[in-house]
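*Asks:* One structure is given below, represented as C-alpha cells, and several questions about it will come after.
The values are calculated or read from the model by the stated rules, or taken from the named source; none is laboratory data. Just so it is clear, the model here is predicted, and its values are computed rather than measured. For neighbour counting, all protein chains shown are included, and Cβ atoms are generated from backbone atoms with ideal geometry for every residue, glycine included.
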Amino acid sequence: MNINIKATKTTLTPAIRSFIEEKLSAIDKFIKAEDKVRVELELNKKHHSGQIFRAEIDIQPHGHYAESFGGDFYEAFDLLIPKIKEQLTKEKGKKISLRRHKRKRT
C-alpha cells in the first residue's frame, strides 16, 4: 500500500502522520500492495462557526473516496475510517457473492 499524505493550509506533524498510518492498518486487509492511498487533511479557518478540519481519502485504482469534517484532525479522520471501510466491505462482499454465484451455475 502506497500512502501519500498531504496537508493543506496546515502542517503535518509526525504525531498526525503516525496516527493516520495506524488507523489505515484497519483497512489494510482490503487493499493490495500496489494500490495508492491518497489522504488529504485541510484546515478551513474562515468558516462561520470557527475552524473546520477536513479529512479525505482516495484509493486508486478502485476509485473509493470518502470525506469527513470534525473539530480536529483526529476526530475528522476517526469519522473517515468507517465510511471507507464500509465501501471496501461492500465491494468485497459483492465480489464474493459473484464468485459464489458463478460457481453454483457451473
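*Asks:* Take Glu67 and decide whether it is within 15 Å of Ile84 (Cβ to Cβ), among the acidic types (Asp, Glu) and surrounded by fewer than 18 Cβ atoms within 10 Å (Cβ to Cβ). Walk me through how you get there before you give the answer.
*Replies:* Values: within 15 Å of Ile84 (Cβ to Cβ): yes; among the acidic types (Asp, Glu): yes; surrounded by fewer than 18 Cβ atoms within 10 Å (Cβ to Cβ): yes.
Taking the combined requirement at face value, the residue satisfies it.
*Asks:* Another one. Pick from Glu40, Glu21: which is within 19 Å of Pro82 (Cα to Cα), without any contact (Cβ under 8 Å) to a residue 40 or more places away in the chain and in a strand (DSSP E or B)?
*Replies:* Numbers: Glu21 fails: in a strand (DSSP E or B).
Just one listed residue meets the conditions, Glu40.
*Asks:* Is it the case that some residue within region 45-52 is surrounded by 16 or more Cβ atoms within 10 Å (Cβ to Cβ), assigned to a strand (DSSP E or B) and in contact (Cβ under 8 Å) with a residue 12 or more places away in the chain? Break it down stepwise before answering.
*Replies:* So the first thing to find is which residues in region 45-52 are surrounded by 16 or more Cβ atoms within 10 Å (Cβ to Cβ), and the list is 52.
Next cut, assigned to a strand (DSSP E or B) only: 52.
Next cut, in contact (Cβ under 8 Å) with a residue 12 or more places away in the chain only: 52.
Yes, there is a match, as at least one residue in region 45-52 is surrounded by 16 or more Cβ atoms within 10 Å (Cβ to Cβ), assigned to a strand (DSSP E or B) and in contact (Cβ under 8 Å) with a residue 12 or more places away in the chain.
Yes/no matrix, rows are residues, columns are (1) of a type in the set (D, E, K, R); (2) touching a Pro at 6+ places or on another chain (Cβ under 9 Å):
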| site | (1), (2) |
| --- | --- |
| Phe19 | no, no |
| Glu34 | yes, yes |
| Val37 | no, no |
| Glu40 | yes, no |
| His64 | no, no |
| Glu67 | yes, no |
| Asp78 | yes, no |
| Glu86 | yes, no |
| Lys94 | yes, no |
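*Asks:* Looking only at region 21-30, which residues are surrounded by 15 or more Cβ atoms within 10 Å (Cβ to Cβ) and either of a type in the set (Gly, Ala, Ser) or in contact with a helix residue (DSSP H, G or I) (Cβ under 6 Å, 6 or more places away or on another chain) (or both)?
*Replies:* At the first step, the residues of region 21-30 found to be surrounded by 15 or more Cβ atoms within 10 Å (Cβ to Cβ) are 23-24, 27, 30.
Once the filter is applied, which keeps residues that are surrounded by 15 or more Cβ atoms within 10 Å (Cβ to Cβ) and either of a type in the set (Gly, Ala, Ser) or in contact with a helix residue (DSSP H, G or I) (Cβ under 6 Å, 6 or more places away or on another chain) (or both), region 21-30 yields Lys23, Ile27, Phe30.
For (1) at pLDDT 90 or above; (2) among the hydroxyl-bearing types (Ser, Thr, Tyr), each residue gets a yes or a no:
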{"residue": "Leu41", "(1), (2)": "yes, no"}
{"residue": "Lys46", "(1), (2)": "no, no"}
{"residue": "Pro61", "(1), (2)": "no, no"}
{"residue": "Phe77", "(1), (2)": "yes, no"}
{"residue": "Pro82", "(1), (2)": "yes, no"}
{"residue": "Thr106", "(1), (2)": "no, yes"}
